[in-house]
Amino acid sequence: FDHHVIQEEDLIPSLVALPDEGQVQSKCPLNLEHLAHPGFKSFPVEQGGGWNPPDCIPRFHSVLVIPYRDRPENLQQFLAFMHPFLQRQNLSYDIFVIEQAPGMAFNRAKLFNIGFREALKATSEAYCFIFHDVDLLPMDRRNIYACTRQPRHMTSHLDKFRYNLPYPQLFGGGIAILKDQFQAVNGFSNRFFGWGGEDDDLSQNRVLASGYQICRFPSDINRYQMLSHRPAPRMADNYRKFKAAGGSDHDGMILSRDGLSDLMYTVLARTREELYTKILVDLSTSM
Ligand code: NGS
């Protein structure tokens, strides 16, 4: 993306034709440069957190998957911010919050895998997935939450790092990836508990190792604000796991048996909340 305006041809359109409701509707404009008008009011969201533009046919549909535990203030702020943000982009979208039940260390990557599985069961429209942390808010309205041809790292320039990219291969925070691409790399690893490593494993050992490239929008568009919270405990072991997986998976061994293919979990509750669909899961049924 050497141009600083995102073009429609950069993005993957929705493949699903919306049902004709007897109205003559035109396609929603991709008016990213005109999103700044101040009078925008958000529209009511369907129970469960889904939304479609009321007066035009959306060009894009996105499923947002948010792994979650114990951060109610962050979740409220995230939802209050994201609904109007996504609506302004004329997207059709669904928001799934995957909550890990108490007990084990947090497993962000496995919660993403579960969100992917559950969203595919719940909505036939799912083809573009945004795997996103609850504590990051996009600061530029041109940062369109749709999928690109190649997997995209979205959250590259954070206020916390004075809008510098910490290292070029970073793939943490928020990414956009097509369903087929995510399936082709067997999703995330399920083996990273606690902070760190799972995103490096996805980018280095899976996405790049499978021949995809990683793209980013320009740095002025990829700016994010990080919400405050207690820091997560870092796991010393995760760096070793990430390196170990990279060392031996070129024959596809680890890739093919760790990820969507061996994903096990128990759904404790599915709730259509006012602003999102919540899926509470127990991870202790397997590794
Ligand atoms: C690396 C972690 C990544 C993490 C990145 C950025 O060290 O998971 O730092 O963290 N990798 C390992 O632990 C192997 S940040 O600077 O955003 O706090 O995403």
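Q213 meets the conditions (1) buried (at least 21 other Cβ atoms within 10 Å of the Cβ); (2) touching a helix residue (DSSP H, G or I) at 6+ places or on another chain (Cβ under 9 Å) in every case but one. The failed one is (1). In region 176-191 there is no residue matching the filter, namely being closer than 13 Å to Y224 by Cβ and more than 11 Å from the chain's Cα centre (by Cα). Within region 159-171, the set of residues being of a type outside the set (F, W, Y) and either assigned to a helix (DSSP H, G or I) or within 7 Å of the ligand (Cβ to nearest atom) (or both) comprises D159, K160, P166, L170.
Each residue in region 236-260 was checked for being surrounded by 12 or more Cβ atoms within 10 Å (Cβ to Cβ), modelled with pLDDT under 70 and of a type in the set (A, V, I, L, M, F, W, C), and 1 pass. Here region 172-189 is the region considered, the condition is being buried (at least 24 other Cβ atoms within 10 Å of the Cβ) and assigned to a loop (DSSP other than H, G, I, E, B), and the residue that is farthest from the ligand (Cβ to nearest atom) is G187. Considering (1) of a type outside the set (G, A, S); (2) surrounded by 15 or more Cβ atoms within 10 Å (Cβ to Cβ); (3) within 14 Å of the ligand (Cβ to nearest atom); (4) in a loop (DSSP other than H, G, I, E, B), say which one H229 fails and leave the rest. It fails just one condition, (2).
On inspection, P231 does not qualify as within 25 Å of L136 (Cα to Cα) and modelled with pLDDT of 80 or more.
If a residue must be out of contact with any Lys or Arg (no Cβ under 8 Å at 6 or more places or on another chain) and more than 10 Å from the ligand (Cβ to nearest atom), how many such residues does region 190-202 contain? First the steps, then the outcome.
Quick first cut of region 190-202, residues out of contact with any Lys or Arg (no Cβ under 8 Å at 6 or more places or on another chain) only: 193, 199-200, 202.
Among the residues that remain, those that are also more than 10 Å from the ligand (Cβ to nearest atom) are: 193.
Adding up the residues that qualify gives 1.
Of all residues in region 137-171, those being without any contact (Cβ under 8 Å) to a residue 60 or more places away in the chain and surrounded by 19 or more Cβ atoms within 10 Å (Cβ to Cβ) number 1.
Given D55, D20, D10, which one is acidic (D, E), under 17 Å from C147 (Cα atoms) and at pLDDT below 90? Explain how you work it out, then say what you get.
Working: D55 fails: under 17 Å from C147 (Cα atoms); D20 fails: under 17 Å from C147 (Cα atoms).
Testing whether each residue is acidic (D, E), under 17 Å from C147 (Cα atoms) and at pLDDT below 90 leaves just D10.
The values are calculated or read from the model by the stated rules, or taken from the named source; none is laboratory data. The shown structure was predicted, so the numbers you read here are calculated from the model rather than taken from an experiment. Glycine also receives a Cβ, built like all others from the backbone with ideal geometry; neighbour counts cover every protein chain displayed.
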